[in-house]
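The structure under discussion appears below in the form of structure tokens.
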Amino acid sequence: MNFIETRGNDGIKPIEVPFSEAILNPSTSFGGLYVPKELPKLEDNFILNHVNSSYKELAYDILKAFEIDIDENEIKKALDLYDNFDNASNPCPIVKVKDDLFVHEQYHGPTRAFKDMALQPFGSILSSIAKKRDEKYLILAATSGDTGPAALNTFKNKENIQVVCLYPDGGTSDVQRLQMVCEDGKNLKVLGIKGNFDDAQSALKNLLASKTFKEELEKDNIKLSAANSVNFGRIIFQIIYHFWSYIQLLKQNEITFGEKIYLVVPSGNFGNVLGAFYAQEMGLPIEKLLVASNENNILTQWINTGIYDIRGKELKLTKSPAMDILKSSNIERVIYSLFGAKRTKELMEDLNSNNIFKMSESETKALQKYFSAVFSDDTFGTKKIKEFLDNGYLMDPHTATCIKAYEELKEKPLKTVIYSTAEWTKFSPTVLNALNQNAEKYTDKDALEEISTKYDAFLPQSIKELFNAKINHSLVIEKEEIESEIVNFIRKS
Ligand SMILES: N[C@@H](CCOP(=O)(O)O)C(=O)O
């Protein structure tokens, strides 16, 4: 299957490209994003046929439905990386927390966040193709905390690959920061920037679109790609686990085949919930996608009003930093699916030029057929962390935002899966404040120890080791210095 562009084609780029091309070179005409020409429709009995499949078998068959131009053995090698997760046969388990409520734990990979579910196999495939083609790539990653560690981990020491990861200084948790600045691969560069996540992501998008930057890289025979969800190579792996959720509920006799469910997804860049939307379009019985956000509630505003307005909005630093985002990348792919390329280009150009776009009433209704949204603040989150642990379940602040959506947005008494995108270990001071109902300034190390001892919670070795690890990347730079720092790094390596 080939891939086309959300904002249409400029007559210079190829009108459609295979999967390998879309992931190696994600920059498109007019700054759009690659999307599949059409989504594969899975056969009626696809789900039933996979009730006894392993995650890897399910993933393989979904990837096959996309007819991607990647060698079968490469795909299998990439999927074998799930064997390194906590439980090889179930890399993202579902846990029942109430009669009708289930948590899909997506954080059992090496960097303790859902990004590993996609970046582990994506990194393997991308670097294998680069090596086979004998091409060198610079992979950019902008992160609000989870993508960065996962991108660095997957590409560390990979031949033909260099990675530059941009994070907002002071805009991630301390564990997230340490996961990045302590990484030691010789092909990795981590840059803190004086700015927020939107600044980091805008820099990435500008560089992807910049002819002169790409020409500069070409002098060293280097091509440019990205590890963020602007790259469809991320999204394709973020479709699979929604099928897994449904199949797990079937296996546990919690639902019967065909019964619809709600999925609640904590959202920032909208890649995870976009994967769920695509899964629904491919045949997964979903009643509605419930979008949870924090006080940076732009997604709630968009879904509830059809207006995306960031004029005069300041990005707030919250206790759920991975969702501290105002310019969300993947709303564009949803808009394209619902209204086509011409309208997507119009709306995205409005947003770029005026910091606002307005959809019509009928467009807003069309969006609301699939999505409902609500946001919550940190006070709500800490209350829910405590309430759930009192009932035996430990969750992180991002997962806690989902509870608001579960409590307020469900219109039918259907089973609901909430997505736990990151492990509590990445946010232990916030979690301990919630549990002790105080505002003490705990260090991450103390909070991790106290929670794991008091509540007998598992503490991964990779997290414990961070506090004795050497800091390999201490540079924090101005936004304006990003491009020259990257070029320096390329030239020095
Ligand atoms: N929440 C992300 C931000 C980047 O999102 P992505 O899905 O586009 O990589 C993070 O934690 O870094």
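What number, rounded to the nearest 500 deg cm²/dmol, is the helix-based mean residue ellipticity at 222 nm of the chain, given -39500 (n - 2.57) per DSSP H run of at least four residues and division by all its residues?
Computed ellipticity for the chain at 222 nm equals -13000 deg cm²/dmol.
How large is the accessible surface per residue of the chain, computed with a 1.4 Å probe and reported in Å² as a whole number?
Ligands and nucleic acids excluded, the result is 39 Å² per residue.
Given labels modelled 7 Å from the Cα in the Cβ direction, how far is it in nm from Asn221 to Asn438?
Using points 7 Å along Cα→Cβ, the separation is 6.0 nm.
Mind grabbing the accessible area of Arg133 for me, 1.4 Å probe, Å², rounded to tens?
Here the residue's solvent-accessible area equals roughly 90 Å².
Could you state the principal axis extents of the C-alpha atoms in segment 91-243, from the largest down, to the nearest angstrom?
Principal extents (Cα only, largest first): 60, 37, 28 Å.
Choose one of Asn49, Ser328, Tyr406: the residue whose Cα lies farthest towards the positive end of the charge dipole of the chain (beta-carbon charges +1 Lys, Arg; -1 Asp, Glu; about the Cα centre).
Ser328
Please compute the net charge surrounding Lys186, taking Lys and Arg as +1 and Asp and Glu as -1 over other residues with Cβ under 13 Å from its Cβ.
+1
Using +1 at the C-beta of Lys and Arg and -1 at the C-beta of Asp and Glu, which of Thr416, Ala113, Ile129 has the Cα lying farthest in the positive direction of the dipole of the chain?
Ile129
Can you give the % of DSSP beta bridges in the chain that are antiparallel, to the nearest 5?
25
Rounded, prolate or oblate: pick one for segment 58-168, where a ≥ b ≥ c are the square roots of the eigenvalues of its C-alpha gyration tensor, a/c under 1.5 means rounded, and failing that, prolate if a/b is larger than b/c, else oblate.
Since a/c reaches 1.5 but b/c is at least a/b, the shape of segment 58-168 is classed as oblate.
Round to a whole number: what % of the accessible area of the chain belongs to carbon and sulfur, probe 1.4 Å?
Carbon plus sulfur share of accessible area: 45 percent.
Starting from 0.36 nm per residue, how many nanometres of slack lie between Asn52 and Lys13 once their C-alpha separation is accounted for?
Once the chain is fully extended between Asn52 and Lys13, it gains 9.7 nm.
Any idea what the alpha-carbon Rg over 2.2 N^0.38 Å comes to for segment 242-342?
1.21
Between segment 26-51 and segment 399-426, how many Å separate their Cα centres?
What the calculation gives is 25 Å, centre to centre.
Number of Lys pairs in segment 391-461 with C-alpha atoms less than 28 angstrom apart, excluding same-chain neighbours closer than eight positions?
Value for segment 391-461: 10.
Please give, to one decimal in nm, the separation of the simple spin-label points placed at Asp377 and Lys98, each 7 Å out from Cα toward the Cβ.
The answer from the label model is 2.2 nm.
Can you compute the equivalent ellipsoid semi-axes for the chain, i.e. the square root of 5 times each eigenvalue of the Cα gyration tensor, sorted largest first and rounded to whole Å?
Over the Cα atoms of the chain, the semi-axes work out to 30, 28, 24 Å.
Residues with beta-carbon under 12 Å from that of Ala400, excluding Ala400: net charge, scoring Lys, Arg +1 and Asp, Glu -1?
Net local charge, Ala400 excluded: 0.
Starting from the residue with the highest accessible area, list Glu481, Glu408, Glu314 in decreasing order, probe 1.4 Å.
Descending accessible area places them as Glu314, Glu408, Glu481.
The values are calculated or read from the model by the stated rules, or taken from the named source; none is laboratory data. Worth saying up front: this structure is predicted, and the values here are computed from it rather than measured. Every residue, glycine as well, gets a Cβ built from its backbone with ideal geometry; the counts of neighbours run over all protein chains shown. Calculation scope for accessible area: heavy atoms of the full protein, side chains included, ligands and nucleic acids excluded. Shrake-Rupley method; radii C 1.70, N 1.55, O 1.52, S 1.80 Å.
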